[in-house]
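What follows draws every value from the coordinates through simple rules; no lab data is involved. Source: prediction; values computed, not measured. In this analysis, Cβ positions are derived from the backbone assuming ideal geometry, glycine residues included, and neighbour counts consider all displayed protein chains.
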Amino acid sequence: MPGEFDDLLKKIEQKHLQDTDITPSKKRFGKIGRFFGKITDAIGDFLSSHKRGIFVALLVLLVVLSGVYLLAKDYLTKRQNYPERNVLFRATNTVYIAGGSEKKGAANVDQYSETEVYEGGVESKVGTYLFATGREVRDDIEYFNMDDSQKIRIASATRKPEIVQAGLRIGGSLNFKEQFAEIISNRASKTPQSYRVYKFVPERGLKELEVSVVSFSDDTMRMETLMTEVREYLLGWWWGKVFRAGTFLEQYVISPDTENARNQFQEHIRILDSQQTINQTERERMVRQAMAMSVQIPRTPIYMTYEDGLFDILPQESTIYLAHKPGYLERVKDAFFGKSEHIRLRVENYADLFPGRYPLLRHFHIGAGDNVVYPFDKYNNGGYIIYDRYGKLAQIDIRDFILFYGQDVLYSYYFDLNGDGKLDQTSELIGTVLCRTTHDERIELERLVGEGRPKTDVTFTAHYSFMAPSNDLEQGMAYFNLCGYVESMLPDQLNRGFGKHSFLGYINQHRSDIMLFRDLTIENMSRALTQESTLVAKYDIVKAMIAAKRPYAQQLAEAYNLADQFVGQYQPPAQLVERRDWSVMLKTLAVVLVVIGGGFLLRKKKEK
């Protein structure tokens, strides 16, 4: 009896006394739990009683999702064609790499580059065949030839280097390169003018010199320009213009006072090419004397460019002075205060990291065959903007595509046509260029030929479509030339534009060939043979400033001795407001504040 009584007492306590601790919230959650329990029970009962129907539904869903996946993959990896409209010209460039000894680097193999140019139209993407150019490197000689549609030679050039070193030299050898260019007016005669370039390249040094000379039929020559390619300290001194620091283009003063010095230079060149200088010592002496004379003759600046950047790792920015050669302190002052008393341009680069190039992911791809996509092997370079004291002058926008258009790259040119210091992306587009490699080939020459590689022949083709912004092709041709004038203000970016940072060098090369074909002059010959367009750069710059309604256009023309050639072409200046670039000052101030703040924190830490 006592045991049964105790059990009864415990049951009463469990039933009545423990329920007194249950709060309203606990009761509510208990109801919710029972509700969801009923739902799960109902779902379980439904699944157990409809197994066959559920299996069929899942199978249908799987088929639908598989179809969506296949269609999505087909759509996203399908190689499509970028729409080409209002095509002015189409250039197809085929490069042949011959052999390539396993003991030579890729830069030392024989190459032949052939470009065929066709005109376009509003309706036709590829029209009449116009001409072909060939650029060939055979051993150490460079050849350039241009043939018209009848395969008749209309222009040609050759360049032969001559390396000399007479003994132990810290600077190593000297490479004296001579280039001869001429235009053939018909099968039986040549034009009365020819174009010559004398280039002096030290193996180790801080600059390379290039003298441009125009030769006339009476055997007289006129020295036109001196171009100096400046190299970086230390790295540039040792490895050459791979580490370049800028470009100086100056024109020689043609006057009775400089005639004797110019004649002495030309006499040195004549002796250098004669039997008198077969001896190594004599040749080296004459080359050095010619170099010294080329910089002693009075000159006036066309432009001076100074590259920014670190060891050529990133796309280069530049500061450009037109018709003025600044000192170092002046450059520092102008950069710090963001303003100059002279005509100063800034070329600034902006990045485009998506899609971009990521070294660890650049070989990742989706799709196969013609529909393969490399989403992480694009360019990180988004383009360049040219600024002057009034704002934006021009822009080249570089756009690549993560899907649909493979390795295509679209270059869009904008120009300040109304002279307000701004760029309207709709009304001030002056041209586009679509660059495409056949089958989206990713050309990596070092992986195909050169040191450590077996002998092999390589061929690759690239297509360049030059398009007008509208179906007014007459206006489009004027804009086509204006794009060339903009490129003449970007010598540093063109020299970097042969695949590493952009395709601007290739674009300019083909555009220059077209401009030469349409106007066969010695001046345009220099455009086709040099990225800097040494003989026509000053004309291009003045024409661009007139088109942009810049108040200093006439000042530039007078400084270049071209004022008479542009009389009546200067446009009344727009209501422009000079701007000041505060970026360098703000960056300097930020660095100073960081240094001061860091020093203060270190001092406080030491005191503690």
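Grab the Cα-Cα distance for Val372 and Tyr350, subtract it from 0.36 nm times how many residues apart they are, and report the gain in nm with one decimal.
5.1 nm
Work from the charge dipole of the chain (Cβ charges, +1 for Lys and Arg, -1 for Asp and Glu, about the Cα centre) and give the residue of Gln150, Met227, Leu272 farthest towards its positive end.
Met227
If I model a spin label at Glu116 and Gln569 as a point 7 Å from the Cα along the Cα→Cβ vector, what separation in nanometres do I get?
3.6 nm
Which helices pass in the chain if a helix is a full DSSP H run, must span at least 27 angstrom along its long axis by Cα, and must have mean Kyte-Doolittle hydropathy not below 0.5?
Within the chain the helices that satisfy the rule are 51-77, 583-607.
Could you order the peptides 321-331, 516-526 from most to least packed, using the average number of other C-beta atoms within 10 Å per residue?
Top of the packing list down: 516-526, 321-331.
Can you check what the net charge comes to around Val230, using other residues whose Cβ is under 11 Å from the Cβ of Val230 (Lys, Arg +1; Asp, Glu -1)?
Within the 11 Å Cβ shell, the charges total -1.
So, in Å, what gap is there between the alpha-carbon centers of region 39-86 and region 537-608?
Centre-to-centre (Cα) distance: 58 Å.
Given Asn495, Ile514, Tyr350, which one lies farthest toward the positive end of the charge dipole of the chain, if we put +1 on the Cβ of every Lys and Arg and -1 on the Cβ of every Asp and Glu?
Value: Tyr350.
For a Förster distance of 45 Å, can you work out the FRET efficiency between the beta-carbons of Leu602 and Glu578, rounded to the nearest 0.05?
My answer for the efficiency is 0.60.
Report the calculated FRET efficiency for Ser173 and Gln264 (r = Cβ-Cβ distance, R0 = 22 Å), to the nearest 0.05.
The value I calculate is 0.35.
Please list 77-83, 499-505 highest first by mean number of surrounding beta-carbon atoms within 10 Å per residue.
Those peptides, ordered most packed to least, come out 499-505, 77-83.
Only four residue types carry charge here, +1 at the Cβ of Lys and Arg and -1 at the Cβ of Asp and Glu. Report the dipole size of region 194-315 about the Cα centre in Debye, rounded to the nearest 20.
Here region 194-315 has a charge dipole of around 220 debye.
Could you give the size of the charge dipole of the chain about its Cα centre, using +1 on the Cβ of each K and R and -1 on the Cβ of each D and E, expressed in debye and rounded to the nearest 20?
The dipole of the chain has a size of about 2220 debye.
I'm spelling it out carefully: the read-out is percent of Cα pairs over 46 Å apart, the candidates are (1) 32; (2) 27; (3) 12, and one was derived from this structure. Which label?
Given (1) 32; (2) 27; (3) 12, the calculated one carries the label (1).
Between Ser185 and Leu62, what length in nm is gained on full extension when 0.36 nm per residue of separation is reduced by their alpha carbon distance?
Stretched fully, the Ser185-Leu62 segment lengthens by 37.0 nm.
Taking R0 as 41 Å, what FRET efficiency do you get between Thr438 and Ser255 from their Cβ-Cβ distance, rounded to the nearest 0.05?
The value I calculate is 0.20.
What distance in nm lies between label points placed 7 Å from Cα along the C-beta direction at Lys78 and Phe337?
Inter-label distance under the simple model: 6.1 nm.
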